[in-house]
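Asker: A single structure is presented below for examination.
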Amino acid sequence: MQVGLSVPACIQFGLQRLIGTYHAERLMVPARCSDSETALKIGFVDELADSIRSCRGALTWMQDCQLRRWAMSSTRRLARRDLAETFADPGKWLLDDSLQHGSWRNSGRLHALVARLKK
């Protein structure tokens, strides 16, 4: 899917952090969505599973989390500190070139994106 909108800096940062600069650029510049196998290969998703296995896995994971809630929460907070700092002041990131030049409002592109996503 291509939508013709520039990607705000904070979203670029998050995607680069998740899958690396190279893979993030390869998705963002041409505005592509990846297929499931590619998403798995580049680390965008942890695993591919059918809905039944997915639900069971999620329930097991949640039960495991209950056993070590504090340790997990503390580790996650430290590991994601850079993301928390990045998104702590959304105004700082939202005033980048994509909004200053009006690309989000330009020619009804955002409405077209919403319509395509609803299909």
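Asker: How many nm separate the modelled label positions at ARG56 and LEU40, each set 7 Å beyond the Cα in the direction of the Cβ?
Answerer: Here the modelled spin labels are 1.7 nm apart.
Asker: Separate question: Add +1 for every Lys or Arg and -1 for every Asp or Glu among the other residues with Cβ under 14 Å from the Cβ of ASP82, and state the total.
Answerer: Values: positive: ARG17, ARG76, ARG77, ARG80, ARG81; negative: GLU85, ASP89.
For residues surrounding ASP82, the net value is +3.
Quick note: the coordinates plus some simple rules give every number you see, no bench work behind them. Keep in mind it's a predicted model, so treat the numbers as computed, not measured. Because the Cβ atoms are built from the backbone with ideal geometry, glycine has one as well, and the counts that use them run over all protein chains shown.
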